[in-house]
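The block underneath contains the structure these notes are about, expressed in structure tokens.
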Amino acid sequence: MSLLLQLLLVGLLGFALADPLWNSQEDTGQDLILVVDNSASMRAVDPDSGKSRLALAIEQAGDVAGTLRAGDNIALVTAGGSVRVVVGMSDFAPTVQDALLEIQPTDGPTKIGEAIAAARRLASDDEKRRIVVFSDGCVENRQALRQTQTAT
């Protein structure tokens, strides 16, 4: 009897680690858009880690991309001297993780507001959309941007 309970426990643990989705959960995936600031200010080096702000942002964005589940979609937008949709909506996170490693800093100011607007257009469903911004905060008119963020 003890062996059966142990096997059942191991089976349930394996099932939980597989992180299954039930039929009723199929259409509840999220649309995750990563916005990475690659403006000139992101070239600055963090004294604690010795890495540039951009390198730290790319690492963190890669970690977030790794959380993608079945049914989720992901996209990547950069907000440097110009706004660029690097990877459109996809259900394949490794594409975004590879594209993150190719991001280079620009010489211009950040265009976070425009990048967030582009991210909203990529995923129009407010219920499913999640926009995550990776920036050092060197943004013109931060207060207006903050008000825009809380409105959505």
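Residue by residue through region 128-140, note down the ones that are among the hydrophobic types (A, V, I, L, M, F, W, C) and part of a loop (DSSP other than H, G, I, E, B). Step through it out loud before you land on a result.
From region 128-140, those among the hydrophobic types (A, V, I, L, M, F, W, C) are 131-134, 138-139; that's our starting set.
Correct list: C138, V139.
Just to be sure before I move on: is G50 within 27 Å of D136 (Cβ to Cβ), at pLDDT 90 or above and either open to solvent by 40 Å² or more (accessible area, probe 1.4 Å) or not β-branched (V, I, T) (or both) in the structure I sent? Walk me through how you get there before you give the answer.
Working: within 27 Å of D136 (Cβ to Cβ): yes; at pLDDT 90 or above: yes; either open to solvent by 40 Å² or more (accessible area, probe 1.4 Å) or not β-branched (V, I, T) (or both): yes.
So G50 passes the test.
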Could you check region 55-81 and list, in sequence order, the residues that are under 13 Å from A115 (Cβ atoms) and at pLDDT below 90?
G80, G81
Please work out which residue is farthest from T110 (Cα to Cα), limiting yourself to region 28-47 and to residues that are of a type in the set (D, E, K, R) and open to solvent by 30 Å² or more (accessible area, probe 1.4 Å).
D46
Just the residues that are in a loop (DSSP other than H, G, I, E, B), of a type in the set (S, T, Y) and either touching a Gly at 6+ places or on another chain (Cβ under 8 Å) or surrounded by 17 or more Cβ atoms within 10 Å (Cβ to Cβ) (or both), please, taken from region 70-127.
S82, T106, T110
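The values are calculated or read from the model by the stated rules, or taken from the named source; none is laboratory data. What you see is a predicted model; the values in this text were computed from it and never measured. Counting neighbours? That spans all protein chains shown, and the Cβs are built from the backbone with ideal geometry, glycine included. Ligands, DNA and RNA are stripped out before the accessible areas are found, and what is left, the full protein with its side chains, is counted by its heavy atoms. Shrake-Rupley method; radii C 1.70, N 1.55, O 1.52, S 1.80 Å.
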